[in-house]
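The structure under discussion appears below in the form of structure tokens.
The values are calculated or read from the model by the stated rules, or taken from the named source; none is laboratory data. Quick caveat: nothing in here was measured; it's all calculated off a predicted structure. Neighbour counts are summed over all protein chains in view; Cβ atoms, including those assigned to glycine, are modelled from backbone coordinates with ideal geometry. For the accessible areas, the whole protein counts, side chains as well, though only heavy atoms, and no ligand, DNA or RNA atoms are used. Shrake-Rupley method; radii C 1.70, N 1.55, O 1.52, S 1.80 Å.
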Amino acid sequence: MFRQVRIRLSLWYAGSLAAILLAIGLTAYFVLRESIDSEINSSIRTTYSDFATKYPPPMPNPRNNNPRGGYDGDGGGKYGSNGEYGDFNPRTTDVFLVFTDAAGTVLSNPRQVPASSFAFADYIAAADRDGDWRDVQADGDSYRLASYLSPNGEYIHIGRSLAARDAQLDRLSLVLATGGLAGIVLATGGGLWLAGRSLVPIRRSFEMQRQFVSDASHELRTPIAVVQANNELMLRHPEQTIEENLDQAEAIAIETEHLTRLIGDLLTLARGDEGRLALEKTEIDLEQLMGELGRDVAPLAEAKGLTFKTDLAPVRIEGDRQRVRQLAYILLDNAIKYTPEGGTVTLGTRKNGRKAELTVRDTGPGIAPEHQERVFDRFFRIDDVRTHSVSGTGLGLAIAKLIAEANHGALSVRSDVGHGATFTFRVPAKE
């Protein structure tokens, strides 16, 4: 599933980038083309203007019927049918002029362009009909040409080769295509890597959720099965009294209580995952709160043959009083469960710099280094002496860690195998 999502994300990323690069490339191509075309057109217009300035037309003939506003008249001046037009040179070196008669016959070709390849007669007809500007082909090359009427019915054809423009546009197209393709390939590879990285926490969360559901189903299955089995036993003998089925009734009550506690723990974790863990933060006298809790827990430790100690120092924090008490109770309950008879459990509070510390220390078998990070995972239970013959769901420390973080604190463990474990809750202290 995640592999397909990763590929799809990468393809969407590459496709989006390809569309952006295509839009940028086409924009750059047409902007450059328009700029070059504008410069070419400007050079042709400037050449015509310079020519008209240097060789002004003779006085207008009353019989002038040229609507184009070009040169017209009865001849004379420097314009002779022999094609000699002085020493005029265009400002732009690659602009050429060709002079022809109305039939398209070349009269003068100062730049010696391959005039025989141009269909000047067609250009003149098109100029009379559609205007001056046209792109033409001659000897396999492209030219932009403008035709103007001169005295004595002759025409001035001003043109410029488009080879340089086409070469620049071809190079730009090649660069854009090559760069775009390389960019898309790199983007696809980078997208695969980024998608893989971005999916890591999602995959981890999904796996944790799936494991959580699996573990929860397993934990719920056992008490439900016990309740169902005992209920069926009771239903087989409806004539019997409750006293006669007292064992079954007690089993149902015990498992129902276990289910209630388990469902409550699951609900707490679910609310924490959604950020909806209800907190009523107030200023807490941690020494007083732990003193009260120690008084309530001491009989449980003594009933198991443990020594219970407190080492409480004055310290105040801000947090949810009930949740902080629940956190401490979970730590104490674990310590009492896993500490063998004759051991010691110590509850302590102190101020360490700007932090308040609540510690629960036991003299049990300890926790191996490879398990110390995982003890806060949901449903995690170590398959050793700490868990043998000890009931529990494996959710207590996960809830304790959730409460610690919800109160802007942190929960950690320090342990040496065979020398007990110390759980420490650190939270900012009130001044």
Of all residues making up the stretch 260-275, the number that are polar (S, T, N, Q) and either in a loop (DSSP other than H, G, I, E, B) or surrounded by 12 or more Cβ atoms within 10 Å (Cβ to Cβ) (or both):
1
Restricting attention to the stretch 1-41, which residues are within 17 Å of LEU145 (Cα to Cα) and open to solvent by less than 50 Å² (accessible area, probe 1.4 Å)?
ILE36, ASP37, ILE40, ASN41
Between a first residue in the stretch 343-372 that is at positive phi and a second residue that is open to solvent by 10 Å² or more (accessible area, probe 1.4 Å) and in a strand (DSSP E or B), which pairs have beta carbons less than 9 Å apart while being 6 or more apart in sequence or on different chains?
GLY353/ALA429; GLY366/SER415
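For (1) at pLDDT below 85; (2) of a type in the set (Ser, Thr, Tyr), each residue gets a yes or a no:
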site: TRP12; (1), (2): yes, no
site: SER16; (1), (2): yes, yes
site: SER38; (1), (2): no, yes
site: SER42; (1), (2): no, yes
site: THR53; (1), (2): yes, yes
site: PRO62; (1), (2): yes, no
Considering residues of the stretch 161-191 that are open to solvent by less than 30 Å² (accessible area, probe 1.4 Å) and of a type outside the set (Gly, Ala, Ser) only, the residue farthest from TYR13 (Cα to Cα)
LEU162
Hits in the stretch 239-254 (condition: over 27 Å from ARG221 (Cα atoms) and either open to solvent by less than 40 Å² (accessible area, probe 1.4 Å) or assigned to a loop (DSSP other than H, G, I, E, B) (or both))
GLU239, GLN240, THR241
Output yes when any residue across the stretch 139-147 is among the aromatic types (Phe, Trp, Tyr) and open to solvent by 60 Å² or more (accessible area, probe 1.4 Å), and no when none is.
no
Of residues in the stretch 90-107 being among the hydroxyl-bearing types (Ser, Thr, Tyr) and at pLDDT 85 or above, the one farthest from the chain's Cα centre (by Cα):
THR105
Exactly one condition in (1) modelled with pLDDT of 85 or more; (2) within 25 Å of SER35 (Cβ to Cβ) is false for ASP130; which is it?
(1)
Go through the stretch 344-371 and report how many residues are over 14 Å from GLY418 (Cα atoms) and polar (S, T, N, Q).
4
I want to confirm something. Restricting to the stretch 348-399 and keeping residues that are at pLDDT 75 or above, closer than 28 Å to PHE206 by Cα and basic (Lys, Arg), which single residue is surrounded by the most Cβ atoms within 10 Å (Cβ to Cβ)?
ARG378
For the condition among the acidic types (Asp, Glu), open to solvent by 80 Å² or more (accessible area, probe 1.4 Å), at pLDDT 85 or above and more than 27 Å from GLU357 (Cα to Cα), what is the one hit in GLU280, GLU232, GLU257?
GLU232
